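Data block below; observations after.
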Amino acid sequence: MTDKQSPIEQAVLLAGGIGTRLRPLTYQRPKALLPVLNQPLISYELKLLGRFGVAEVILATAYQADKLRPALGDGGQWGVELRYVQESLPLGTAGAIKNVESLIAGPFFAFNGDLIMDVDLALMAEAHEQSGAEVTILLRQVPDISHFGLIQRDAEGFITAFVEKAAQDSTGQNTINAGVYIMSPRLLAYVPAGEPYSNETDLFPALLEQGVKLCGYLPHKQGYWRDVGRLETYLQVNQDLLAGKLPWLKLPAVELAEVGEDVQIQQPCCWDKGVVVESGAEVGPYVTLGEGVKIGEDARIEDCVVHPGASIGAGADLQSMVVAENEQVPAGHKQTQGVFCTYEQ
Ligand code: GTP
(Lines give C-alpha, C1' and ligand atoms only; values in the text may rest on other atoms or scores of the structure.)
Protein backbone atom coordinates (compact mmCIF):
# COMPACT_ATOMS: atom_id res chain seq x y z
CA MET A 1 0.00 0.00 0.00
CA THR A 2 1.40 3.44 -0.86
CA ASP A 3 1.34 6.12 1.79
CA LYS A 4 -0.74 9.25 1.30
CA GLN A 5 1.71 11.84 -0.03
CA SER A 6 2.67 14.91 1.96
CA PRO A 7 1.69 18.31 0.48
CA ILE A 8 5.03 19.62 1.83
CA GLU A 9 7.81 18.60 -0.52
CA GLN A 10 10.97 20.00 1.04
CA ALA A 11 12.96 19.03 4.13
CA VAL A 12 16.07 20.22 5.96
CA LEU A 13 17.97 17.57 7.92
CA LEU A 14 20.35 18.70 10.64
CA ALA A 15 23.45 16.57 10.27
CA GLY A 16 26.27 18.80 11.51
CA GLY A 17 26.45 18.11 15.26
CA ILE A 18 29.70 16.99 16.87
CA GLY A 19 28.08 14.03 18.60
CA THR A 20 30.11 14.34 21.79
CA ARG A 21 27.96 11.86 23.70
CA LEU A 22 28.70 9.16 21.13
CA ARG A 23 32.48 9.51 21.30
CA PRO A 24 34.72 7.72 20.50
CA LEU A 25 32.47 6.40 17.67
CA THR A 26 31.97 9.93 16.30
CA TYR A 27 35.72 10.58 16.05
CA GLN A 28 35.73 8.31 13.00
CA ARG A 29 32.54 9.41 11.29
CA PRO A 30 29.69 11.86 11.86
CA LYS A 31 26.74 10.54 13.83
CA ALA A 32 24.55 10.62 10.69
CA LEU A 33 26.73 7.88 9.19
CA LEU A 34 26.90 5.53 12.17
CA PRO A 35 25.70 2.14 10.95
CA VAL A 36 22.30 0.94 12.17
CA LEU A 37 21.69 -2.57 10.86
CA ASN A 38 24.54 -1.78 8.45
CA GLN A 39 22.80 1.28 6.96
CA PRO A 40 23.74 4.92 7.72
CA LEU A 41 21.64 6.29 10.58
CA ILE A 42 20.33 9.19 8.50
CA SER A 43 19.21 6.89 5.67
CA TYR A 44 16.17 5.91 7.79
CA GLU A 45 14.97 9.54 7.67
CA LEU A 46 15.70 9.76 3.94
CA LYS A 47 13.64 6.63 3.36
CA LEU A 48 10.74 7.97 5.43
CA LEU A 49 10.78 11.28 3.51
CA GLY A 50 10.94 9.44 0.17
CA ARG A 51 7.93 7.32 1.13
CA PHE A 52 5.84 10.41 1.75
CA GLY A 53 6.95 12.17 -1.43
CA VAL A 54 9.14 14.78 0.29
CA ALA A 55 11.56 14.67 -2.58
CA GLU A 56 13.91 17.60 -2.02
CA VAL A 57 16.13 17.17 1.02
CA ILE A 58 18.73 19.71 2.11
CA LEU A 59 21.42 18.28 4.35
CA ALA A 60 22.79 20.93 6.72
CA THR A 61 26.33 19.78 7.50
CA ALA A 62 29.26 21.01 9.59
CA TYR A 63 31.29 18.43 11.60
CA GLN A 64 33.09 15.99 9.23
CA ALA A 65 30.95 17.35 6.39
CA ASP A 66 33.23 15.93 3.69
CA LYS A 67 32.29 12.34 4.65
CA LEU A 68 28.58 12.69 3.94
CA ARG A 69 28.44 13.06 0.15
CA PRO A 70 30.63 10.02 -0.64
CA ALA A 71 28.42 7.90 1.64
CA LEU A 72 24.96 9.18 0.66
CA GLY A 73 25.41 10.36 -2.95
CA ASP A 74 22.44 12.03 -4.61
CA GLY A 75 19.90 10.26 -2.36
CA GLY A 76 18.31 8.45 -5.32
CA GLN A 77 18.35 5.04 -3.62
CA TRP A 78 15.98 6.41 -0.96
CA GLY A 79 13.70 8.22 -3.40
CA VAL A 80 14.91 11.75 -2.59
CA GLU A 81 17.16 14.35 -4.16
CA LEU A 82 19.89 15.44 -1.75
CA ARG A 83 21.53 18.86 -1.61
CA TYR A 84 24.47 19.43 0.69
CA VAL A 85 25.18 22.73 2.43
CA GLN A 86 28.22 23.10 4.67
CA GLU A 87 28.46 25.62 7.50
CA SER A 88 31.78 27.37 7.96
CA LEU A 89 31.29 26.97 11.72
CA PRO A 90 28.58 24.89 13.43
CA LEU A 91 25.58 27.19 13.59
CA GLY A 92 23.38 25.23 15.98
CA THR A 93 20.00 23.73 15.15
CA ALA A 94 18.27 27.02 14.16
CA GLY A 95 21.34 28.74 12.68
CA ALA A 96 21.85 25.75 10.37
CA ILE A 97 18.32 26.19 8.97
CA LYS A 98 18.77 29.96 8.57
CA ASN A 99 21.93 29.15 6.60
CA VAL A 100 19.90 27.33 3.90
CA GLU A 101 17.10 29.94 3.76
CA SER A 102 17.81 30.85 0.12
CA LEU A 103 16.99 27.25 -0.93
CA ILE A 104 13.62 27.16 0.84
CA ALA A 105 10.49 27.69 -1.23
CA GLY A 106 7.60 27.30 1.26
CA PRO A 107 6.64 25.42 4.45
CA PHE A 108 9.19 22.67 5.03
CA PHE A 109 9.99 19.76 7.33
CA ALA A 110 13.05 20.09 9.57
CA PHE A 111 14.38 17.02 11.39
CA ASN A 112 17.16 16.43 13.85
CA GLY A 113 19.29 14.06 11.79
CA ASP A 114 19.67 11.40 14.47
CA LEU A 115 16.17 9.94 14.68
CA ILE A 116 14.74 6.61 13.60
CA MET A 117 10.99 6.81 13.45
CA ASP A 118 7.71 5.80 11.93
CA VAL A 119 5.71 9.04 11.64
CA ASP A 120 2.87 9.75 9.20
CA LEU A 121 4.24 12.91 7.59
CA ALA A 122 1.07 13.49 5.55
CA LEU A 123 -1.05 13.60 8.73
CA MET A 124 1.44 15.91 10.40
CA ALA A 125 1.33 18.26 7.39
CA GLU A 126 -2.49 18.25 7.58
CA ALA A 127 -2.39 19.15 11.29
CA HIS A 128 0.02 21.99 10.53
CA GLU A 129 -2.23 23.44 7.87
CA GLN A 130 -5.37 23.16 10.01
CA SER A 131 -3.79 24.83 13.06
CA GLY A 132 -2.60 27.89 11.15
CA ALA A 133 0.56 27.85 13.32
CA GLU A 134 3.92 29.15 12.12
CA VAL A 135 5.62 26.04 13.41
CA THR A 136 4.40 22.57 14.31
CA ILE A 137 6.49 20.47 16.67
CA LEU A 138 6.02 16.71 16.84
CA LEU A 139 5.48 15.66 20.44
CA ARG A 140 6.06 12.33 22.01
CA GLN A 141 4.88 10.92 25.33
CA VAL A 142 7.68 9.19 27.19
CA PRO A 143 7.84 7.62 30.64
CA ASP A 144 11.15 9.35 31.54
CA ILE A 145 11.55 12.98 30.43
CA SER A 146 14.95 13.62 32.03
CA HIS A 147 16.89 13.37 28.73
CA PHE A 148 14.52 15.60 26.76
CA GLY A 149 13.00 19.08 26.55
CA LEU A 150 9.48 19.08 27.99
CA ILE A 151 6.66 20.89 26.14
CA GLN A 152 3.33 21.92 27.64
CA ARG A 153 0.29 22.95 25.58
CA ASP A 154 -3.29 24.16 25.96
CA ALA A 155 -6.51 22.30 25.17
CA GLU A 156 -6.35 23.36 21.49
CA GLY A 157 -2.80 22.05 21.11
CA PHE A 158 -0.96 25.39 21.12
CA ILE A 159 2.28 25.40 23.06
CA THR A 160 2.29 27.26 26.38
CA ALA A 161 5.73 26.41 27.81
CA PHE A 162 9.13 24.90 27.08
CA VAL A 163 10.76 23.42 30.14
CA GLU A 164 14.40 22.32 29.86
CA LYS A 165 15.92 19.68 32.14
CA ALA A 166 12.75 18.96 34.10
CA ALA A 167 12.70 15.79 36.17
CA GLN A 168 8.90 15.58 36.18
CA ASP A 169 6.00 17.15 34.31
CA SER A 170 3.54 18.81 36.71
CA THR A 171 0.71 18.32 34.16
CA GLY A 172 1.38 14.55 33.98
CA GLN A 173 1.44 14.72 30.14
CA ASN A 174 5.17 13.95 29.73
CA THR A 175 5.20 15.33 26.19
CA ILE A 176 8.66 15.98 24.85
CA ASN A 177 10.05 17.66 21.74
CA ALA A 178 10.65 14.83 19.24
CA GLY A 179 13.02 16.89 17.03
CA VAL A 180 10.64 16.89 14.02
CA TYR A 181 9.19 20.19 12.83
CA ILE A 182 7.19 21.83 10.11
CA MET A 183 8.18 25.47 9.74
CA SER A 184 6.99 28.42 7.78
CA PRO A 185 9.90 30.25 6.08
CA ARG A 186 8.63 33.44 7.80
CA LEU A 187 10.06 32.08 11.06
CA LEU A 188 13.58 32.45 9.77
CA ALA A 189 13.28 36.24 10.15
CA TYR A 190 13.63 35.60 13.89
CA VAL A 191 16.96 33.78 13.52
CA PRO A 192 20.20 35.82 13.36
CA ALA A 193 22.33 34.98 10.31
CA GLY A 194 25.83 33.54 10.56
CA GLU A 195 25.94 32.90 14.31
CA PRO A 196 25.10 29.90 16.49
CA TYR A 197 21.42 29.77 17.43
CA SER A 198 19.37 26.88 18.78
CA ASN A 199 15.78 25.83 18.01
CA GLU A 200 15.25 24.39 21.46
CA THR A 201 16.80 27.00 23.72
CA ASP A 202 16.72 30.21 21.62
CA LEU A 203 14.20 30.26 18.77
CA PHE A 204 11.15 28.45 20.17
CA PRO A 205 11.12 30.18 23.59
CA ALA A 206 11.61 33.57 21.83
CA LEU A 207 8.70 32.88 19.47
CA LEU A 208 6.46 31.96 22.40
CA GLU A 209 7.37 35.14 24.20
CA GLN A 210 6.50 37.19 21.12
CA GLY A 211 3.09 35.59 20.81
CA VAL A 212 3.82 33.53 17.66
CA LYS A 213 1.53 30.48 17.36
CA LEU A 214 3.33 27.18 17.88
CA CYS A 215 1.42 23.94 17.51
CA GLY A 216 2.34 20.86 19.56
CA TYR A 217 1.31 17.86 17.45
CA LEU A 218 0.72 14.60 19.31
CA PRO A 219 -0.41 11.93 16.82
CA HIS A 220 -3.35 9.70 17.88
CA LYS A 221 -1.19 6.68 17.18
CA GLN A 222 2.41 6.91 18.38
CA GLY A 223 4.61 4.98 15.99
CA TYR A 224 8.19 3.93 16.65
CA TRP A 225 10.55 6.80 17.53
CA ARG A 226 14.00 6.85 19.00
CA ASP A 227 16.67 9.51 19.24
CA VAL A 228 20.16 8.10 18.80
CA GLY A 229 22.15 10.43 21.01
CA ARG A 230 23.92 8.14 23.46
CA LEU A 231 25.63 4.76 23.33
CA GLU A 232 22.72 3.23 25.22
CA THR A 233 20.17 4.45 22.64
CA TYR A 234 22.47 3.45 19.77
CA LEU A 235 22.54 -0.15 21.00
CA GLN A 236 18.83 -0.04 21.79
CA VAL A 237 17.88 1.10 18.27
CA ASN A 238 19.86 -1.75 16.70
CA GLN A 239 18.09 -4.15 19.03
CA ASP A 240 14.64 -2.66 18.33
CA LEU A 241 15.06 -2.86 14.57
CA LEU A 242 16.28 -6.47 14.76
CA ALA A 243 13.15 -7.17 16.81
CA GLY A 244 11.01 -5.78 13.94
CA LYS A 245 9.79 -2.62 15.68
CA LEU A 246 10.07 -0.49 12.51
CA PRO A 247 7.23 -2.03 10.49
CA TRP A 248 8.34 -0.81 7.04
CA LEU A 249 11.93 -2.01 7.32
CA LYS A 250 12.93 -4.89 5.05
CA LEU A 251 16.37 -6.41 5.56
CA PRO A 252 18.26 -7.74 2.54
CA ALA A 253 19.14 -11.44 2.79
CA VAL A 254 22.95 -11.76 2.90
CA GLU A 255 24.77 -15.10 3.16
CA LEU A 256 27.68 -15.56 5.56
CA ALA A 257 30.93 -15.72 3.56
CA GLU A 258 32.32 -18.59 5.70
CA VAL A 259 30.89 -20.59 8.59
CA GLY A 260 32.94 -23.06 10.66
CA GLU A 261 31.67 -26.20 12.40
CA ASP A 262 29.40 -26.14 15.43
CA VAL A 263 28.62 -22.46 15.07
CA GLN A 264 25.49 -21.38 16.94
CA ILE A 265 23.54 -18.43 15.65
CA GLN A 266 20.65 -17.21 17.72
CA GLN A 267 18.34 -14.87 15.82
CA PRO A 268 17.63 -12.03 15.48
CA CYS A 269 20.97 -11.03 13.96
CA CYS A 270 22.07 -9.34 10.76
CA TRP A 271 25.30 -9.22 8.82
CA ASP A 272 26.75 -7.55 5.77
CA LYS A 273 28.90 -9.00 2.97
CA GLY A 274 32.11 -10.91 3.64
CA VAL A 275 31.43 -11.97 7.24
CA VAL A 276 33.34 -15.00 8.56
CA VAL A 277 32.29 -16.97 11.68
CA GLU A 278 34.80 -19.58 12.81
CA SER A 279 34.17 -22.96 14.49
CA GLY A 280 32.45 -23.12 17.83
CA ALA A 281 31.51 -19.42 17.88
CA GLU A 282 28.18 -18.37 19.42
CA VAL A 283 26.55 -15.33 17.86
CA GLY A 284 23.34 -13.65 19.00
CA PRO A 285 20.72 -12.83 19.82
CA TYR A 286 20.70 -9.12 18.79
CA VAL A 287 24.01 -8.93 16.98
CA THR A 288 24.81 -6.78 13.94
CA LEU A 289 28.00 -7.52 12.01
CA GLY A 290 29.40 -5.03 9.50
CA GLU A 291 31.07 -5.79 6.18
CA GLY A 292 34.10 -8.07 6.41
CA VAL A 293 33.80 -8.78 10.16
CA LYS A 294 35.52 -11.92 11.44
CA ILE A 295 34.42 -13.81 14.56
CA GLY A 296 37.18 -16.10 15.85
CA GLU A 297 36.90 -19.69 17.15
CA ASP A 298 34.78 -20.24 20.25
CA ALA A 299 34.10 -16.52 20.65
CA ARG A 300 30.76 -15.54 22.21
CA ILE A 301 28.99 -12.38 21.21
CA GLU A 302 25.54 -11.18 22.26
CA ASP A 303 23.64 -7.87 21.95
CA CYS A 304 26.53 -6.15 20.15
CA VAL A 305 27.13 -3.97 17.11
CA VAL A 306 30.39 -4.72 15.31
CA HIS A 307 31.47 -2.09 12.80
CA PRO A 308 32.96 -2.98 9.39
CA GLY A 309 36.38 -4.58 9.18
CA ALA A 310 36.62 -5.52 12.88
CA SER A 311 37.78 -8.93 14.04
CA ILE A 312 36.98 -10.68 17.31
CA GLY A 313 39.74 -12.92 18.64
CA ALA A 314 39.28 -16.60 19.55
CA GLY A 315 37.47 -17.23 22.82
CA ALA A 316 36.52 -13.56 23.34
CA ASP A 317 33.27 -12.94 25.22
CA LEU A 318 31.43 -9.71 24.37
CA GLN A 319 28.07 -8.48 25.55
CA SER A 320 25.96 -5.29 25.11
CA MET A 321 28.70 -3.22 23.47
CA VAL A 322 30.04 -1.76 20.24
CA VAL A 323 33.26 -2.75 18.48
CA ALA A 324 34.59 0.17 16.43
CA GLU A 325 35.61 -0.01 12.78
CA ASN A 326 38.69 -2.12 11.87
CA GLU A 327 39.47 -2.92 15.53
CA GLN A 328 41.05 -6.22 16.49
CA VAL A 329 39.65 -7.53 19.75
CA PRO A 330 42.35 -9.76 21.31
CA ALA A 331 41.80 -13.47 21.90
CA GLY A 332 40.13 -14.16 25.25
CA HIS A 333 39.04 -10.52 25.75
CA LYS A 334 35.95 -10.21 27.98
CA GLN A 335 33.83 -7.07 27.99
CA THR A 336 30.30 -6.10 28.95
CA GLN A 337 29.05 -2.64 27.87
CA GLY A 338 30.94 0.31 26.41
CA VAL A 339 32.99 0.47 23.22
CA PHE A 340 36.08 -1.44 22.15
CA CYS A 341 38.15 1.23 20.49
CA THR A 342 41.88 1.90 20.53
CA TYR A 343 41.97 5.24 18.70
CA GLU A 344 41.45 8.65 20.22
CA GLN A 345 40.39 11.73 18.28
P1 GTP B 1 25.97 15.85 21.30
O2 GTP B 1 27.24 16.64 21.12
O3 GTP B 1 26.24 14.48 21.83
O4 GTP B 1 24.91 16.57 22.08
O5 GTP B 1 25.36 15.56 19.85
P6 GTP B 1 24.99 16.57 18.66
O7 GTP B 1 26.17 17.42 18.35
O8 GTP B 1 24.50 15.74 17.54
O9 GTP B 1 23.87 17.48 19.27
P10 GTP B 1 22.30 17.17 19.37
O11 GTP B 1 22.10 15.71 19.62
O12 GTP B 1 21.70 18.10 20.31
O13 GTP B 1 21.82 17.56 17.91
C14 GTP B 1 20.55 17.25 17.40
C15 GTP B 1 20.65 17.20 15.88
O16 GTP B 1 21.05 18.47 15.38
C17 GTP B 1 21.68 16.21 15.39
O18 GTP B 1 21.18 15.57 14.23
C19 GTP B 1 22.90 17.07 15.05
O20 GTP B 1 23.68 16.55 13.97
C21 GTP B 1 22.24 18.38 14.63
N22 GTP B 1 23.09 19.54 14.94
C23 GTP B 1 23.48 19.94 16.18
N24 GTP B 1 24.24 21.06 16.08
C25 GTP B 1 24.32 21.36 14.75
C26 GTP B 1 24.99 22.41 14.02
O27 GTP B 1 25.67 23.28 14.57
N28 GTP B 1 24.85 22.39 12.66
C29 GTP B 1 24.10 21.43 12.01
N30 GTP B 1 24.04 21.48 10.68
N31 GTP B 1 23.48 20.43 12.68
C32 GTP B 1 23.59 20.40 14.04
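Quick check: is even one residue across the range 122-141 away from the ligand (no atom under 16 Å from the Cβ), surrounded by fewer than 19 Cβ atoms within 10 Å (Cβ to Cβ), modelled with pLDDT of 95 or more and within 22 Å of the chain's Cα centre (by Cα)?
yes
Quick one: which residue in N177, N199 is closer than 20 Å to A127 by Cα, polar (S, T, N, Q) and open to solvent by less than 80 Å² (accessible area, probe 1.4 Å)?
On inspection, the qualifying residue turns out to be N177.
Select the strands (runs of 3 or more DSSP E) contained entirely in the range 247-345, then report the ones holding at least 3 residues which are outside the structural domain of R51 (by TED's automatic domain parsing), open to solvent by 10 Å² or more (accessible area, probe 1.4 Å) and more than 23 Å from P40 (Cβ to Cβ).
334-336
Being touching a residue at least 24 places away in the same chain (Cβ under 8 Å), more than 12 Å from the ligand (Cβ to nearest atom) and under 17 Å from the mean Cα position of the chain (by Cα): is that true of P30 here?
no
In the range 36-44, is there at least one residue being part of a loop (DSSP other than H, G, I, E, B) and at pLDDT below 95?
No, the conditions are met nowhere in the range 36-44.
The values are calculated or read from the model by the stated rules, or taken from the named source; none is laboratory data. Just so we're clear, the structure is a prediction, and the values are computed from it rather than from any experiment. Cβ: placed from backbone, ideal geometry, glycine included. Neighbour counts: every protein chain shown. Only protein heavy atoms, including side chains, enter the accessible area calculation; ligands, DNA and RNA are left aside. Shrake-Rupley method; radii C 1.70, N 1.55, O 1.52, S 1.80 Å.
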